[in-house]
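Student: Handing you a structure now.
The values are calculated or read from the model by the stated rules, or taken from the named source; none is laboratory data. Only a predicted model underlies this, so the values are computations on that prediction, with no experimental measurement involved. Cβ coordinates were reconstructed from backbone atoms using ideal geometry, including for glycine residues, and neighbour counts include every protein chain displayed. What goes into the accessible areas is simple: the full protein's heavy atoms, side chains included, and nothing from ligands, DNA or RNA. Shrake-Rupley method; radii C 1.70, N 1.55, O 1.52, S 1.80 Å.
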Amino acid sequence: MLNIKSVAILAGGESKRMPFNKEFLKEDDQFLIHKKIKELNKYFEEVIVVTNNPKFYKNLNCLTLTDQHKFKGPTEGLRVALENCQSDYLYLLAADMPNFSVEYFKYINNLSEKYQIYASINNGYIEPFHGVYHKDCLKYFHSDYLDRITSLYRLINLGKSYLIDLDLLPKIKNADLFYNINQITDLIDVKNYQKVEITKLVGEVEVKTSDLVVEKYPLTIYLNDQKLLTILTIPTDLADLVVGYLKSMGIINNIDEIKNIEFKDNLVYVKSDSNFVGASKEKILFSGCGTGTEFHEKLDQLSIEMLDDSVITTKEIILKLTKKLIDESDLFKATGGVHGAVYQVGDIEIFKEDIGRHNAVDKIIGNILNNNFSVDGVLLISGRISSEMILKCIFTKIKIIVSKSAPTSLAIKLAEKYGVTLIGFARKNKMNIYANQFRIKRS
């Protein structure tokens, strides 16, 4: 019997796919990690949290430790926990894996004490978390060979390891045990569509049938405790949508101005260093799927940068993206009720969709910011290019925008003035270039 008395939660990660630290994720007004610590106290004599924010746990029954060597990945957190834990064996968890299986813990705790590492195989892949590590593993932490996330797998290969095939344990729900929160929407259980009963007319024939329609999801954004607006959206990529909206509307200049984002049901509370005050700015009302506000005193500061001629694309790339836009959206194929947007820069392709094309573009922009991708790519949207779309590109410094549909006259004027390459009616083997064609490389 292993007699596991200590458990460690690694909470010192960089949270690259979220605009804030995963330690601060909440559910039902409780921090998820606080809730997990209280649960683990029932089964372990010692709960360790490896974190960069020890004060966040000061009122909880746990030991907080900090990585001694920065940027070494989760193996550094494991090393620190092994050096300081009370028992010989340590159970390993991550802050973004909220589920704990008592059945699995009892099973692994009752295994014989023959190995240094006890890990599991889930659908053919080794899982280093929800694994157990003996203090003897410390002898392997001696070089840069164990310096990033892949090193947990290397450690399992180095040590004397026992691998548990979860397929042989039918009572253990693999998907729940290894459920991982990578983005805000992983916490939101809302479908993107719903089934409705309809009457379909085919010639003179009336048929009772059903259809899938897009589910509208109202998301209300509060900025520094002041209500900003409500966006009707679909409940996917909401963190990208919020960040992209704030950037594309000129409210923030960069991602560093956002200090925290907290979702509660369909409300989102943003804390920011931005000095944005809506009432003090001159507002412009734009046509499109909705209304928007823009602050054009910033535009002249950006126009010189937008005229940069180093960003080049080709007709072939654009036409390839139009096909990508059609092929990618299963939701559009199911409902016919969403807009899509796709962005390509180098080998990176981002696809987003939503009820409105503005929301889809904001999700693209938010994803670019959250992942620190280059803005020197091509943005393709499914609907009409309005002046608001051009302004989103200007504020984000995306220099090429394409649509399968038409631009408005004001969109063309803004694109010409501020250096955006504007392309419309990109279909099959044709396209219309309306502004700044110098970025389109000829074959």
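Student: Scan region 399-406 and give yes if some residue there is closer than 20 Å to GLY250 by Cα, open to solvent by 30 Å² or more (accessible area, probe 1.4 Å) and either without any contact (Cβ under 8 Å) to a residue 12 or more places away in the chain or out of contact with any Asp or Glu (no Cβ under 7 Å at 6 or more places or on another chain) (or both), otherwise no.
Tutor: no
Student: Sort out for me the strands (runs of 3 or more DSSP E) sitting completely within region 46-121 that have 2 or more residues that are touching a Cys at 6+ places or on another chain (Cβ under 8 Å) and crowded, with 17+ Cβ neighbours inside 10 Å.
Tutor: 46-50
Student: Hey, GLY377 hits all of (1) open to solvent by less than 20 Å² (accessible area, probe 1.4 Å); (2) of a type outside the set (A, V, I, L, M, F, W, C); (3) within 15 Å of ILE317 (Cβ to Cβ); (4) under 19 Å from the mean Cα position of the chain (by Cα) but one; which does it fall short on?
Tutor: GLY377 satisfies every listed condition except (4).
Student: Moving on to the next point. I'm trying to understand the selection: among the residues of region 137-175, which are at pLDDT 75 or above, more than 20 Å from ASN110 (Cβ to Cβ) and open to solvent by 30 Å² or more (accessible area, probe 1.4 Å)?
Tutor: LEU138, LYS139, TYR140, PHE141, TYR153, ARG154, ASN157, LEU158
Student: Identify, from the list GLU103, GLU113, the residue that is under 22 Å from LYS171 (Cβ atoms) and of a type in the set (Asp, Glu).
Tutor: Going through GLU103, GLU113 in turn, just one is under 22 Å from LYS171 (Cβ atoms) and of a type in the set (Asp, Glu): GLU103.
Student: Any chance you could count how many residues in region 423-443 are buried (at least 19 other Cβ atoms within 10 Å of the Cβ) and not in a strand (DSSP E or B)?
Tutor: 2
Student: Give me a count of the residues in region 122-131 that are open to solvent by 50 Å² or more (accessible area, probe 1.4 Å) and at positive phi.
Tutor: Adding up the residues that qualify gives 2.
Student: Follow-up question, since we're still on this one. Could you say whether any residue in region 287-308 is out of contact with any Leu (no Cβ under 8 Å at 6 or more places or on another chain), at pLDDT 75 or above, part of a helix (DSSP H, G or I) and exposed (fewer than 14 other Cβ atoms within 10 Å of the Cβ)?
Tutor: Taking every residue of region 287-308 in turn, none turns out to be out of contact with any Leu (no Cβ under 8 Å at 6 or more places or on another chain), at pLDDT 75 or above, part of a helix (DSSP H, G or I) and exposed (fewer than 14 other Cβ atoms within 10 Å of the Cβ).
Student: Still on this structure, please answer the following. Do you know which residues across region 384-398 are within 24 Å of the chain's Cα centre (by Cα) and either part of a strand (DSSP E or B) or surrounded by fewer than 24 Cβ atoms within 10 Å (Cβ to Cβ) (or both)?
Tutor: PHE395, THR396, LYS397
Student: Something else now. Mind checking which pairs have a first residue in region 52-77 that is closer than 13 Å to ALA8 by Cα and a second that is assigned to a strand (DSSP E or B), Cβ under 6 Å, 6 or more apart or different chains?
Tutor: These pairs meet every condition: CYS62/VAL47; CYS62/VAL49; LEU63/ILE48; THR64/VAL49; LEU65/VAL50; PRO74/LEU10; GLY77/LEU10; GLY77/VAL50.
Student: Going residue by residue through region 411-422, is there one that turns out to be touching a residue at least 60 places away in the same chain (Cβ under 8 Å), in a loop (DSSP other than H, G, I, E, B) and hydroxyl-bearing (Ser, Thr, Tyr)?
Tutor: No - not one qualifying residue is present in region 411-422.
Student: Give region 122-138 a look and list any residue that's in contact (Cβ under 8 Å) with a residue 24 or more places away in the chain and assigned to a loop (DSSP other than H, G, I, E, B), or say none.
Tutor: ASN123 - this is the single residue of region 122-138 that is in contact (Cβ under 8 Å) with a residue 24 or more places away in the chain and assigned to a loop (DSSP other than H, G, I, E, B).
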